Amino acid sequence: MNVKTLACAIAWLLLGGVAYPQSSGFHASNIASGGVINVDSHDTFYDGSDGTLFVKIPLPAGATRLQFRVTGGIITDGSLQYGSADGLYQNGQTPYNFTGTKWAGTYEGVPVGATSGIDPALFGMFFSPSFSGVPADSANYRSDSGIIPDPRTLLEYSPSVNQPFCIGDGYTNNNAFSLSAVQDGYVPPGSIQTFDIPSGATYLLLGIAADINLADNQDAGNSATAFAVHVYDDSPTANGAPVTATIQPAVQISWDSISGTYYQVQWSADLATWSNFGSPILGDGSTLAVSDPTAGKDKRFYRVFALP
């Protein structure tokens with residue numbers, strides 16, 4: 001075993017590093033398997049559509065902000081041209097702009113705002129099933145809005161509960177579709193965008209929300225999904241000083257816990273496939289630790305998640 005390589009790898013990963021560049025303090029989220037959510041070309045977050053209602057996903061415990069890195073593409077009509085997560089063809093043109101898409105105006109019977117923007121761009125929503133009142137509609141994310149600065153290119157967003165917001169590919173540039181974008185390791189040009197989670201939101205919703213005709217959509221390249229949405233969050237585990245790793249006869253991973261929160265340690269040999277290391281551990285407010293004997297083992301990476 002190369003102990004020096006292992007030590008560097010563990011420290012890099014547990015002190016906030018991820019396989020792809022993200023802002024300091026963010027780490028791959030436990031919001032889904034491997035921190036990746038698959039979004040189909042027919043997904044939306046509106047009742048009464050001709051598409052598929054996206055299944056809501058609980059937000060990660062302790063997170064206040066999310067970042068995204070989105071790969072893949074979508075065919076939104078009979079032209080068979082691929083559109084990017086930002087909603088642009090390979091030539092940079094916009095397939096469609098729609099205003100006020102809302103279908104029934106609800107998700108699982110709860111009022112949600114309308115969406116104005118590009119079809120087939122990726123949109124999100126921080127959702128609360130207990131919301132009452134009139135939710136805010138999305139900003140005007142149309143490519144022809146004429147708004148300066150362009151609402152699609154901001155560094156940070158603070159949507160309200162049940163208000164749609166444009167995610168696109170998660171980066172500030174309005175990026176056209178490219179063949180490299182369907183590769184899982186693709187990092188879009190531009191700066192990383194950050195999305196603040198509003199108080200009261202408990203779920204994340206995703207979908208091709210501006211589209212008024214989802215039935216004719218196709219996933220790019222006949223793949224199993226249109227977009228692979230890599231999610232990163234700032235929850236207080238596996239980022240910054242609270243998590244450390246030491247190597248003696250065994251690797252010891254330790255972190256400051258929050259009382260009542262369960263934590264899952266995972267390991268990987270290649271940063272692509274992750275496996276649970278033991279069962280979830282209940283935090284009690286103290287520093288928790290697990291050990292993994294190093295004898296006879298190759299290089300390993302470790303990470304810790306707070307379970308929702």
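Overview of values
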item	result
Ellipticity estimate at 222 nm from DSSP helix runs (n ≥ 4, -39,500 (n - 2.57)) divided over the chain, nearest 500	-1000 deg cm²/dmol
Order by protection proxy (mean Cβ within 10 Å, highest first), peptides 120-133, 207-220	207-220, 120-133
With Cα atoms, 0 to 90° folded angle of helix 3-14 axis to the chain main axis	40 degrees
The chain, accessible area per residue, ligands and nucleic acids excluded (1.4 Å, Å²)	41 Å²
Separation of alpha-carbon centers, region 150-205 and region 264-287, rounded to whole Å	28 Å
Neighbour net charge for Asp77 - beta-carbon separation under 12 angstrom, K R +1, D E -1	-3
Most to least packed among 106-116, 69-79 [average Cβ atoms within 10 Å]	69-79, 106-116
Total formal charge among the other residues, if their Cβ is under 13 angstrom from that of Asn174, Lys/Arg +1 and Asp/Glu -1	-2
Where only C-alpha atoms are counted, convex hull volume of region 64-146 per residue in Å³	133 Å³
Magnitude of the charge dipole, the chain, Cβ model with Lys/Arg +1 and Asp/Glu -1, debye to 20	900 debye
If the convex hull is drawn through the Cα atoms of region 98-192, its volume per residue in Å³	120 Å³
Of all accessible heavy-atom area on the chain, the percent that carbon and sulfur account for (1.4 Å)	53 percent
Burial order of peptide ranges 137-149, 80-92 (average beta-carbon count within 10 Å, highest first)	80-92, 137-149
Cα convex hull of the chain, projected area averaged across orientations, nm²	16.2 nm²
Contact order relative to length of the chain, as percent, for alpha carbon pairs under 8 angstrom and 6 or more apart	28 percent
Computed E for Leu80/Ile147 - FRET, C-beta separation, R0 41 angstrom, nearest 0.05	0.85
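The values are calculated or read from the model by the stated rules, or taken from the named source; none is laboratory data. All of these numbers come straight from a predicted model, not from anything done at the bench. All Cβ positions, glycine included, derive from the backbone under ideal geometry; neighbour counts span all protein chains shown. For accessibility, only protein heavy atoms count, side chains too; no ligands or nucleic acids. Shrake-Rupley method; radii C 1.70, N 1.55, O 1.52, S 1.80 Å.
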